[in-house]
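Chemist: Pasting in a structure now, in structure tokens, and then I'll have a few things to ask.
The values are calculated or read from the model by the stated rules, or taken from the named source; none is laboratory data. Keep in mind that this is a model prediction, so the values were computed, not measured. Here the Cβ positions follow ideal geometry from the backbone for every residue, glycine too, while neighbour counts run over all protein chains shown. The accessibility values were calculated without ligands, DNA or RNA, using every heavy atom of the protein model including side chains. Shrake-Rupley method; radii C 1.70, N 1.55, O 1.52, S 1.80 Å.
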Amino acid sequence: MAEIIVVTSGKGGVGKTTTSASLACGLARKGKKVAVIDFDVGLRNLDLIMGCERRVVYDFVNVVNGEASLKQALIKDKRFDNLYVLAASQTRDKDALHQEGVGKVLKQMADDGFDYILCDSPAGIEKGAFLAMYFADRAIVVVNPEVSSVRDSDRIIGLLDSKTLRAESGKELEARLLLTRYNPARVETGEMLSINDVEEVLGLKCIGVVPESPDVLNASNKGEPVILDTESVAGQAYDDAVARILGEDRPMRFTTVEKKGFFSKLFGG
């Protein structure tokens, strides 16, 4: 049975689409059949990060409105045979999606044997964000360790607890935090919130901590999700998060300042 995971946040620009793309690739690399859907109608970016922007013929809105079949709109990833992308429309209005149509598409994906369906949500509390979370079984709330991002995410958590299908059915929706752009040195100087600070304020546990890294932008510009860069600390951190989603117990890495050894200090390394 398919598990629907929404990747959401209160604030824009925190790394939701980067996270959706990397988690989708990571789950596919583990042998799962995965679809990742862009819910950001009018401002799609997922196809760019996945490197399939030139292959978009039909989009999510076309499928919801019956203008194309799901099979026509799904783009098969070039790297993994078991990974598919459903792009958002660039030309439609944000109200083009509706609850009944989204529910039908997700049910068809489940019937087609997908193990995981990742919903890449727009920022904030607009209709697209609401629809992305409504059918979710699990939520990953992407947060930068700064006050404005944390405050905005608190509102999203309130919606996850009250405005989803699971909430309406009296069931719990499992939500976890994923911290991005984490810089342990800035945490030590008090310029950035710590993992414990964010967990305490939002009342959720962390499923991953992605360190600040230029590799994320470089990977996005190349159309390669950063998780595929096995030398990158950000890629390794996303791989750890995927393992935790699948129930594996892994310690959090890249959360403390690396102490310089004697020779590094001596020679200024």
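Chemist: Under the rule a/c < 1.5 gives rounded, and otherwise a/b versus b/c splits prolate from oblate, where does the chain land using the Cα gyration tensor? All intermediate terms of the calculation are to be shown ahead of the outcome.
Modeler: Numbers: a/c = 1.96, a/b = 1.50, b/c = 1.30.
Prolate shape, in that a/c is at least 1.5 and a/b is the bigger ratio.
Chemist: Just want to confirm a number: the relative contact order over region 107-244, from Cα pairs under 8 angstrom separated by 6+ residues, in percent. Walk me through the numbers before you get to the answer.
Modeler: Values: 178 pairs, mean separation 25.3, N = 138.
That works out to 18 percent.
Chemist: For the pair Val233 and Asp81, how long in nm is the line joining their label points, each one 7 Å along Cα→Cβ?
Modeler: Output for this residue pair reads 3.8 nm.
Chemist: In percent, what relative contact order does the chain have, based on Cα pairs under 8 Å that are 6 or more apart in sequence? Don't skip to the end; give the middle numbers.
Modeler: Values: 549 pairs, mean separation 63.8, N = 269.
For the chain, the relative contact order is 24 percent.
Chemist: Could you work out how far apart the two model spin labels at Thr256 and Glu100 are, taking each label as a point 7 Å from the Cα in the direction of the beta carbon, and quote it in nm?
Modeler: Placing both labels 7 Å along Cα→Cβ, they lie 5.7 nm apart.
Chemist: May I pose another question? Carbon and sulfur: what percent of region 3-246's accessible surface (1.4 Å probe)?
Modeler: Working: 4600 of 10220 Å².
Solvent-exposed carbon and sulfur of region 3-246 make up 45 percent of the total.
Chemist: In the P(r) worked out for region 10-128, what percent of Cα pairs fall beyond 16 Å? Kindly include the intermediate steps, with their values, before the conclusion.
Modeler: Numbers: 3963 of 7021 pairs.
Counting pairs separated by more than 16 Å, the tail of P(r) holds 56 percent.
Chemist: Here is a follow-up. Which length gain, in nm to one decimal place, applies between Glu126 and Asp197 when the Cα-Cα distance is subtracted from 0.36 nm times their residue separation? Present the calculation step by step, with values, prior to reporting the outcome.
Modeler: Numbers: separation 71, 0.36 × 71 = 25.56 nm, distance 2.76 nm.
Answer, rounded to one decimal: 22.8 nm.
Chemist: Could you pull out the pairs from Lys71/Lys127; Lys107/Lys222; Lys94/Lys205; Lys30/Lys94; Lys94/Lys171 whose alpha carbons sit more than 27 Å apart here?
Modeler: Details: Lys71/Lys127 25 Å; Lys107/Lys222 33 Å; Lys94/Lys205 32 Å; Lys30/Lys94 34 Å; Lys94/Lys171 29 Å.
As for pairs spanning more than 27 Å Cα to Cα, those are Lys107/Lys222; Lys94/Lys205; Lys30/Lys94; Lys94/Lys171.
Chemist: Placing unit charges on C-beta atoms (Lys and Arg positive, Asp and Glu negative, everything else neutral), compute the dipole magnitude of region 1-66 about its Cα centre in debye, rounded to 20. Intermediate results must be reported in sequence, preceding the final value.
Modeler: Numbers: 9 positive and 6 negative charges, 59 e Å.
In debye, rounded to 20, region 1-66 gives about 280.
Chemist: Gain in length, Ala185 to Leu165, computed as 0.36 nm per residue apart minus the alpha-carbon separation, to one decimal in nm? Walk me through the numbers before you get to the answer.
Modeler: Working: separation 20, 0.36 × 20 = 7.20 nm, distance 4.08 nm.
Length gained between Ala185 and Leu165: 3.1 nm.
Chemist: Sticking with the crude label model, points 7 Å out along Cα→Cβ, report the distance from Lys205 to Lys71 in nm, one decimal please.
Modeler: In this crude label model, Lys205 to Lys71 measures out at 4.2 nm.
Chemist: What dipole magnitude, in Debye to the nearest 20, does the chain give about its Cα centre under +1 on Lys/Arg Cβ and -1 on Asp/Glu Cβ? Don't jump to the answer; show the numbers that get you there.
Modeler: Values: 35 positive and 40 negative charges, 78 e Å.
Roughly 380 debye, rounded to the nearest 20.
Chemist: Please work out the average accessible area per residue across the chain, using the 1.4 Å probe convention, and give it in Å².
Modeler: Working: 12660 Å² over 269 residues.
Normalised by residue count, the accessible surface of the chain is 47 Å².
Chemist: Let me ask something else about it. Report the FRET efficiency, 1/(1 + (r/R0)^6), for Leu48 and Asp112, where r is their Cβ-Cβ distance and R0 is 35 Å, rounded to 0.05. The partial results should precede the final answer.
Modeler: Details: r = 25 Å, r/R0 = 0.72.
The formula returns an efficiency of 0.85 here.
Chemist: In degrees, nearest 10, range 0 to 90: what is the angle between the Cα axis of helix 99-111 and the longest Cα principal axis of the chain?
Modeler: 80 degrees
Chemist: Roughly how much of Lys94 is accessible, in Å² to the nearest 10, using a 1.4 Å probe?
Modeler: Accessible area, nearest 10 Å²: 70 Å².
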